[in-house]
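The next block holds one structure in the form of structure tokens; read it before the comments.
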Amino acid sequence: ARIWDAVNDPIMGWIVNATRSRWGKFKPWILLGTLANSLVLFLLFSAHLFEGTAQVVFVCVTYILWGMTYTIMDIPYWSMIPALSSSRQEREKLVVWPRLFASLAWFITGTYGLHIVGELGNGNQGDGFFNVAMLIAVLFILSAFLIARNVKEKTVTTQATKKFTFKDVRTIIGENDQLKALIGTVLCFQ
């Protein structure tokens, strides 16, 4: 799953970069990815309905699909930030809010997650995880629609946009020791 993620993330970046639509280049993918990811989340947390080998195969397939559909939403979401403002300070302030809410969600999940699962499942963990996944999917879809409705992409007009090749990316990473350290840390964390 992680190896496939390393392949499909850049592919999604290229797809988003090539997108031209009346809704912008980012919002269509955020909506589509969120809807697809919510459906796959529903399937992933239906694994308790299977047993044995069928359950293992079902979880493997749905987990890989979950990663792919998350990528469809996540890559354009974070790539959209430069299209919201040309001011570096403003962009840095914008990034704080999603990170703050993500940290809050991690805190709530880590602290109260199993209690919430127990409450929503009436003692049945399979049902509890499924119901929590449904709650998350609903919140996820609502947030994507809020973004689609309220966020306005600014059209960046430049004379020529330089296309980066794989060799350019390799050179940039190879010459930046801080970036190499960050990539190494993220890979170790993952």
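Values quoted throughout were computed directly from the atomic coordinates according to the rules given, and no laboratory measurement underlies them. These figures come from a predicted structure and were not determined experimentally. Cβ sites come from the backbone with ideal geometry, for glycine too, and all protein chains shown count toward neighbours.
Report, in listed order, any pair from LYS93/LYS154; LYS152/LYS180; LYS154/LYS180; LYS93/LYS167 with a Cα-Cα distance greater than 28 Å. Violating the 28 Å Cα-Cα cut-off are LYS152/LYS180; LYS154/LYS180; LYS93/LYS167.
Note on GLN190/ASP168: beta-carbon distance plugged into 1/(1 + (r/R0)^6) with R0 of 30 Å gives a FRET efficiency of 0.80. Of the GluC sites (Glu not before Pro) found in region 39-147, those that fall in a DSSP loop while having at most 11 other beta-carbon atoms within 10 Å are GLU51. If we count trypsin sites (Lys or Arg not before Pro) as exposed when they sit in a DSSP loop and have at most 10 other beta carbons within 10 Å, what is the longest stretch of the chain that avoids them all? Answer - 23-151.
Working from label points 7 Å from Cα in the Cα-to-Cβ sense, the ILE81 to GLU51 distance is 4.8 nm. Against the compact-protein benchmark of 2.2 N^0.38 Å, the Cα-based radius of gyration of region 2-160 scales to 1.19. Here the sum of -39500 (n - 2.57) over DSSP H runs of 4 or more residues, divided by the residues of the chain, equals -26000 deg cm²/dmol at 222 nm, to the nearest 500. With the simple model of a label 7 Å out from the Cα in the direction of the Cβ, HIS115 to GLN178 spans 4.1 nm. Overall, the anisotropy analysis places region 57-123 in the oblate class: the square-rooted eigenvalues a ≥ b ≥ c of its C-alpha gyration tensor yield a/c not less than 1.5, with a/b not exceeding b/c. A straight chain from TYR63 to LEU43 at 0.36 nm per residue would run longer than the Cα-Cα distance by 6.3 nm.
Note the angle between two axes, namely the Cα long axis of helix 125-150 and the longest principal axis of the Cα atoms of the chain, as a number of degrees from 0 to 90, rounded to the nearest 10. Once rounded, the angle reads 30 degrees.
Each principal axis of the Cα cloud of region 28-95 was evaluated for its coordinate range; sorted largest first, these ranges are 54, 19, 13 Å. Shown is the FRET efficiency for ALA18 and PHE101, computed with R0 = 35 Å from the Cβ-Cβ distance and rounded to the nearest 0.05: 0.70.
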